[in-house]
1. Can you find a residue that is in a loop (DSSP other than H, G, I, E, B), in contact (Cβ under 8 Å) with a residue 60 or more places away in the chain, open to solvent by less than 80 Å² (accessible area, probe 1.4 Å) and under 28 Å from residue 124 (Cα atoms) anywhere in the stretch 67-75?
2. For the subset of the stretch 15-26 comprising residues that are open to solvent by less than 40 Å² (accessible area, probe 1.4 Å) and in contact (Cβ under 8 Å) with a residue 24 or more places away in the chain, which member is farthest from residue 85 (Cα to Cα)?
3. Being outside any helix (DSSP H, G or I) and farther than 23 Å from residue 126 by Cα, is that true of even one residue in the stretch 76-88?
4. Quick one: is residue 36 out of contact with any Leu (no Cβ under 8 Å at 6 or more places or on another chain) and free of Cβ contacts under 8 Å to residues at least 40 places away in the same chain?
5. For residue 13, indicate whether it is in contact with a helix residue (DSSP H, G or I) (Cβ under 7 Å, 6 or more places away or on another chain) and not hydroxyl-bearing (Ser, Thr, Tyr).
6. For the stretch 89-130: of the residues being assigned to a loop (DSSP other than H, G, I, E, B) and in contact (Cβ under 8 Å) with a residue 24 or more places away in the chain, which is farthest from residue 37 (Cα to Cα)?
7. When only residues in the stretch 32-66 that are outside any helix (DSSP H, G or I) and modelled with pLDDT of 90 or more count, which is surrounded by the fewest Cβ atoms within 10 Å (Cβ to Cβ)?
Amino acid sequence: MTTAMRRPLRSFLLLVDLGFLAYWLVTGLRLLPAAWLYAHHDDPVMVAWNFSFLPLDLVVSATGLAAVALAARADARWSRLALVSLAFTSASGLNAIAFWALRGDFELGWWLPNLVLLVGPWAFMPSLLKAR
């Protein structure tokens, strides 16, 4: 396994990981206008559903950022962490898409980013697995 992380993977990890951290900061501080929020954002059950993603998303960010840091030091262990981060990223997207599909709620503003989370990692996982 090479110790070099390719730029597209690094960019994807940074975008997703920093994006998750920004999302949770903005969400926790309630900085977004109601018009930008998910359907029924004021329902306590929906708020709990949304916050149920927080632990998973924090694991995604921690493993992804750690992978980027290890790769910057040419530490080959980055690839394992990148795989974990990508797998959890895809799981997070899948869970959200499944939920909105079951509810019959097809808001493009929520579907598109979650489809990117679901499918985006698939572009990087085969080469990481093959290199192992």
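1. Taking every residue of the stretch 67-75 in turn, at least one turns out to be in a loop (DSSP other than H, G, I, E, B), in contact (Cβ under 8 Å) with a residue 60 or more places away in the chain, open to solvent by less than 80 Å² (accessible area, probe 1.4 Å) and under 28 Å from residue 124 (Cα atoms).
2. 24
3. No: the stretch 76-88 contains no residue that is outside any helix (DSSP H, G or I) and farther than 23 Å from residue 126 by Cα.
4. no
5. Against the criterion (in contact with a helix residue (DSSP H, G or I) (Cβ under 7 Å, 6 or more places away or on another chain) and not hydroxyl-bearing (Ser, Thr, Tyr)), residue 13 qualifies.
6. My answer is 124.
7. Only one residue tops the list, namely 52.
The values are calculated or read from the model by the stated rules, or taken from the named source; none is laboratory data. Keep in mind the model is a prediction, meaning the values are calculated, not measured. Backbone-built Cβ (ideal geometry, glycine too); neighbour counts: all protein chains shown. With ligands, DNA and RNA removed, areas are computed over all heavy atoms of the protein, side chains included. Shrake-Rupley method; radii C 1.70, N 1.55, O 1.52, S 1.80 Å.
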